[in-house]
Amino acid sequence: QKEVEQNSGPLSVPEGAIASLNCTYSDRVSQSFFWYRQYSGKSPELIMSIYSNGDKEDGRFTAQLNKASQYVSLLIRDSQPSDSATYLCAVNIDGTASKLTFGTGTRLQVTL
Amino acid sequence: SAVISQKPSRDICQRGTSLTIQCQVDSQVTMMFWYRQQPGQSLTLIATANQGSEATYESGFVIDKFPISRPNLTFSTLTVSNMSPEDSSIYLCSAGGERYEQYFGPGTRLTVT
């Protein structure tokens, strides 16, 4: 069983819509959760971190965490073509706070 | 957030040779990490590099193949030894932040012929 799972997509949303990206993880003791954006040919860029249950908002981005369901999501409001990228979910696994396990990523396409 | 640079950005190497990748961070960090990313795939952790101690390798990666140095709190190197075409990949270093986030360098694209 994969430790961090994401739908590979592509997820296609029209410009201005809300994009919803989902991630599930296997380790119940995980405490740190991150979303990275990776443009084609570039390295991952940290866009959100979340550590406690609930929502965390930063501009057009909202991260949602539900530890009971082992589920973390990323909402992108007012999606723009520049948001088209692969979004990687990363979680600390095996009780090692500093070591992250990455999902395979969801490719988001924002269409005009 | 930390700013990270890597050298070289890309290289083409012959099989059997070795390549050393350098990673420089603009501030002192305790934890540095080395990843490999195959085309179209996610990141696979190779090892964790701590200053003043031996690197900790993940399953499937060994020190003889991927020796790592961490001479100070801002610098690390990864060597890919005795390369084969299967080592062709993007190699990324990252620096750990105060709340376990990681910041990535731009990556090194390696092609082994």
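Read the figures in this text as sums done on the coordinates, not as results from a lab. In this text, all values refer to a predicted model and were calculated from it rather than measured experimentally. Every residue, glycine among them, receives a Cβ derived from its backbone with ideal geometry; neighbour counts consider all protein chains shown.
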Residue list for the range A:18-43, given a label point 7 angstrom along the Cα-to-Cβ vector of A:Arg77 and an amide N cut-off under 18 Å: A:18-21
Percent RCO, i.e. relative contact order, over chain B, from Cα pairs under 8 Å lying at least 6 residues apart: 37 percent
Reach of A:Lys67 by Cα under 16 Å, taken over lysines that are not fewer than 8 positions away in the same chain: A:Lys56
Options A:Ser32, A:Gln6, A:Thr101, ranked by Cα towards positive dipole end of chain A, top entry (Cβ charges): A:Thr101
The range A:67-109-the range B:9-23 distance, computed between alpha-carbon centres (Å): 31 Å
The protein assembly as shown: C-alpha pair distances exceeding 26 Å, %: 37 percent
Equivalent ellipsoid dimensions for chain B as semi-axes, Å, which come from the Cα gyration tensor, largest first: 22, 14, 13
Span per principal axis, largest first, for the Cα atoms of chain A (Å): 42, 29, 22
Cβ neighbours within 10 Å from other chains - mean over A:37-44: 4
FRET efficiency for B:Phe75 and B:Thr17, using Cβ-Cβ distance with R0 set to 30 Å, rounded to 0.05: 0.85
Within chain A: Cβ-based charge dipole about Cα centre, in debye rounded to nearest 20 (Lys, Arg +1; Asp, Glu -1): 140 debye
Among A:Leu46, A:Leu74, A:Leu88, residue whose mean-square fluctuation peaks in a GNM of chain A (springs only between Cα atoms under 10 Å): A:Leu46
Sequence-separation-based contact order of chain A, relative, with Cα cut under 8 Å and 6+ spacing, percent: 38 percent
Cα→Cβ-extended label distance, 7 Å offset, between B:Gln24 and B:Ser1, nm: 2.1 nm
Karplus 3J(HN,Hα) series, Hz, for the range B:53-59 with 6.51 cos²θ - 1.76 cosθ + 1.60 (x for Gly, Pro): 9, 5, 5, 9, 9, 7, 4
Straight-distance crosslink candidates among lysines, where the alpha carbon sits under 24 Å from B:Lys65 and sequence neighbours closer than 8 are dropped: A:Lys99, B:Lys7
